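Student: Attaching a single structure in structure tokens format; questions to follow.
The values are calculated or read from the model by the stated rules, or taken from the named source; none is laboratory data. Quantities reported herein were computed from a predicted structural model and do not represent experimental measurements. Backbone-built Cβ (ideal geometry, glycine too); neighbour counts: all protein chains shown.
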Amino acid sequence: MLWFTNTPSLASAKFSARSYGGGWIESLESMLKKDTAIELGIGFFSNSPVSAFSEENVSYFPICNAASRVKQWYFRAVGSYPIGEDVESMLEIIRQFKPDIIHIHGTEFHFGLIYKYVRIPIVISIQGNISACIEKYFGSIPAFEYLKLLRLKDLYSFYNPIFSYRNFRKKSPNELEILENAKYIIGRTAWDNCIASVLAQKAEYFHVSEILRHPFYKARWEKSRLKSIVLTTTLSDAPYKGIELILKATILLKKRGIDFIWNIVGVNESSTVVKAALRHLDFEPSPSIVFHGQKNVDDLISVLLDSDVYVQVSHIENSANSLCEAMLLGMPCIASDTGGTSSIIEQNISGILFNSGDSMLLTKAIIHLRNNYELGVEMGARAREIAGLRHDPLLVIADTKKVYNHILENDRH
């Protein structure tokens, strides 16, 4: 079994001090590698020229672009990358590892383009969808607000929301080609099924949930009911994650005289996305909003357990792992009804959904849980039960193996 992933998975420590993303890949690997009948290899892009290596019965294959710094700068500048070189590196890994199945996690990168060159069955897991993100990319903040914040180092490095948006648009045709030619698709929400139905009409679709990070299965949220209602949101440094919605809701809550603290994990005040939202809304820094930056899993759980409600504000989302983790803890949850979120939360049963981008409905939901706290506690308990079943590691592993066995059996005929 050969995976191609967007992260080094459990080998992340070999390439960076900390890993904050891709936890579901690591969790799946940690469970699957226990099966001695499965020989697992993982290919991934790396900025470091590290040779292939093995650890704990897993073979890791870093794919490093050997281009000079000048060439790498040029590739970022034009938004184009030497896909041909990457594909050849992937084919060499395939020749070396000789897998029975190739499992590609995500369509964001061009791993899936190897369909043109191999006859080995390929299954693709949908993580997000670039085309959908492009439509909602800047949320309600105009793109020119980000242009105003461009600095010389942004122009030199090409790391900025404007350039990220352009790169999304450059990657989108590859994603569409990969999906159009996919034979097997794994998804976990009704939205994934919709994507497969519309963009991958040739593919057979399988439903498989994800395994969350191990510490979330052990911890449990208890009713806190602090003096101020404490809200927590985890988001990344991307405009479509909805940071401006938090600021708008903050203004509305203060007008109502609501005493609250809103923890924001994943970004800090120096983020370009945060600066653009503050500037566009003419928002003065508020002690009610606390930016925590990136947190490791234990520190994140600590913040969540000291909170009253988890809030997801994204303009586009599939099944946000941060929301699933909060549900697994048993927290009361509020989430924007976008993408695959309605497959994760059942309205007024395991949480509250509000129309994406609607700050008034978000504010109303927060006040509703503040005034009906026991209702939130009940929904949190149901959320924990539902998430525990949905993300049961043994069930996910069993479903994953069923997909692999089905594909192997199907491709023999």
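Student: Please go through segment 144-153 and give me each residue that is surrounded by fewer than 17 Cβ atoms within 10 Å (Cβ to Cβ) and either assigned to a helix (DSSP H, G or I) or not assigned by TED's automatic domain parsing to the domain that holds Ser125 (or both), ordered by number.
Tutor: Taking segment 144-153 first, the residues surrounded by fewer than 17 Cβ atoms within 10 Å (Cβ to Cβ) are 144, 147-153.
Answer for segment 144-153, where residues must be surrounded by fewer than 17 Cβ atoms within 10 Å (Cβ to Cβ) and either assigned to a helix (DSSP H, G or I) or not assigned by TED's automatic domain parsing to the domain that holds Ser125 (or both): Phe144, Leu147, Lys148, Leu152, Lys153.
Student: Out of segment 292-320, which residues are under 13 Å from the mean Cα position of the chain (by Cα) and either farther than 24 Å from Gly139 by Cβ or not in a loop (DSSP other than H, G, I, E, B) (or both)?
Tutor: Filtering segment 292-320 for residues under 13 Å from the mean Cα position of the chain (by Cα) gives 312, 314, 316-320.
The one that is under 13 Å from the mean Cα position of the chain (by Cα) and either farther than 24 Å from Gly139 by Cβ or not in a loop (DSSP other than H, G, I, E, B) (or both): Gln312.
Student: Here is a further query. For segment 202-288, which fully contained strands (runs of 3 or more DSSP E) count at least 2 residues that are assigned by TED's automatic domain parsing to the domain that holds Gly357 and more than 17 Å from the chain's Cα centre (by Cα)?
Tutor: Values: elements: 204-207, 229-234, 260-265.
Hits in segment 202-288: 229-234, 260-265.
Student: Another question, then. Just to be sure, is Ser197 more than 29 Å from Thr363 (Cα to Cα) and at pLDDT below 95? Lay out the reasoning, then the answer.
Tutor: Numbers: more than 29 Å from Thr363 (Cα to Cα): yes; at pLDDT below 95: no.
Spelling it out, it is not the case that Ser197 is more than 29 Å from Thr363 (Cα to Cα) and at pLDDT below 95.
Student: Out of the residues in segment 117-143 that are under 30 Å from Lys275 (Cβ atoms) and polar (S, T, N, Q), state the one that is surrounded by the most Cβ atoms within 10 Å (Cβ to Cβ).
Tutor: Looking at residues that are under 30 Å from Lys275 (Cβ atoms) and polar (S, T, N, Q), I get Asn129.
Condition check ((1) surrounded by 19 or more Cβ atoms within 10 Å (Cβ to Cβ); (2) more than 19 Å from Ala219 (Cβ to Cβ); (3) in contact (Cβ under 8 Å) with a residue 24 or more places away in the chain) across all residues:
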site	(1), (2), (3)
Tyr373	no, yes, yes
Ala383	yes, no, yes
Leu389	no, no, no
Leu395	no, yes, yes
Ala398	no, yes, no
His406	no, yes, yes
Glu409	no, yes, no
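Student: Give me the residue from segment 211-257 that is in contact with an Asp or Glu (Cβ under 8 Å, 6 or more places away or on another chain), surrounded by 17 or more Cβ atoms within 10 Å (Cβ to Cβ) and among the aliphatic types (A, V, I, L, M) and, out of that set, nearest to Arg166 (Cα to Cα).
Tutor: Leu212
Student: Which of the numbered conditions does Leu247 fail, given that it passes all the others? Conditions: (1) at pLDDT below 95; (2) in contact with a helix residue (DSSP H, G or I) (Cβ under 6 Å, 6 or more places away or on another chain).
Tutor: The one condition Leu247 does not meet is (1).
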